[in-house]
Each structure stands twice: as C-alpha cells, then as structure tokens.
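Just so it is clear, none of the values below were taken in a lab; they were calculated from the coordinates. Just so we're clear, the structure is a prediction, and the values are computed from it rather than from any experiment. All Cβ positions, even for glycine, are placed from backbone atoms using ideal geometry, and neighbour counts span all protein chains on display.
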Amino acid sequence: MAEKENLLFSDIANFLHQKTAVNSVAKQEDIFISTRTDSGKSLCYQSALMVLKDAGVQKDPIIIVTTALISIMEEQVELLNGLGFSASYIGKDVSSDSDIEHGKISFIFSSPEHLLNNEKWRGVVRKFAEENRLRYFVVDEAHTVLQWGTAKNKETQAFREWFGNIGELRSLAPNVPMMALTATANTAKRKKN
C-alpha cells in the first residue's frame, strides 16, 4: 500500500484542488472541480480508495466513474491495474462484466448510456449502494453533461441524451456522494452543475 500511496500522492502537494478533493473524499462530500488540463484531476478519484480506507470505511469500497470515451476508460483501467488496484469498464468483455457485477472490481468505468439505460446495471448500482460498498460516483469530463446531454433547441435532439440524465445516479443511490471533474466549464456551466 505504501508504494501505491507514494506513486499516487507524489504530486498532490502541488495542486490545491487535489488537497480539497482528498479532504472531501475523507468526509464523503460532493465536490466539483474545474481546473486546467493535465493538472491531476484524475488523481482526485484515483486516490479515493486509500483515503476512504484511511477514513475508516470497513467494506471494500467501489467507485463508479462515468466518462465519455472508451479511450479514457482504457487508459485509466490500465493505469490503476498497473498500480495494483482492480479496475475495469462495463462492456469490456464478458469476464470483466461478470467481475464487475459480482463486486470484484473497485474502480468501475462506464458511459452514462451503459450505466443508466440498462436495468441490469441500474440494479447492480442499487445493490452496491444497499451493501454500503458504493462510496463515490465520479463524473469525469463533467462539461459533457450540459454540452451533450441537452438539446440546443426544441427541434433538435441531444447528441448523447444519457449525459443529461446523470442525475439519475442520485435516485439509484441517494446517499452516495458525487465528484464532478472538468477542464472546460465556464462560469455559467459551473452554476448549472
């Protein structure tokens, strides 16, 4: 565990938003972080398992990360698995989906479409919440909720409408805190989130 901590926390002193996120995770509070690209936003959720365990969470915690692109999921899964964590994404393959469903994966990545538009996965989210294992929802690239999840006008359809339904995660697991991360939220978008 010490090696994981050294690798993950080596740069945390350099970024105030990471310190804020770690404190919020320890208190299991909602947090919104909007900061520049390559400033270590992912570290805010990558460190969450260790922070939660240090805060006295008894059961093996699960963190669900929604993100827009499979390439982001693949990159993060590879990184976290390389650090010794269990990470996968919904839809990777049958074996991974089975491991996710049976609670063997700590970091679960998914698009909103897979997570919210499928009764099986909605049920899995509810089950993890009821078991008190689901400890955080993370919305990576949170600006997509507004940019892709809402229609421009009444005559058009949203680009990816399930991004606009991210709030449904709260109905599936009302006591699970949420972390929203973005590098491209202007002041108006921050107020809407």
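Peptides 160-172, 59-71 ordered by packing proxy, namely the average of other Cβ atoms within 10 Å per residue, highest first: 59-71, 160-172.
Grab the other residues whose beta carbon is less than 10 angstrom from that of F137, score K and R as +1, D and E as -1, and report the net. Local net charge: +1. The protection proxy used here, the mean number of other Cβ atoms lying within 10 Å of each residue, ranks peptides 44-54, 93-103 as follows, highest first: 44-54, 93-103.
Evaluated with a Cβ-only charge set (Lys, Arg +1; Asp, Glu -1), region 42-92 carries a dipole of roughly 160 debye about its Cα centre, given to the nearest 20.
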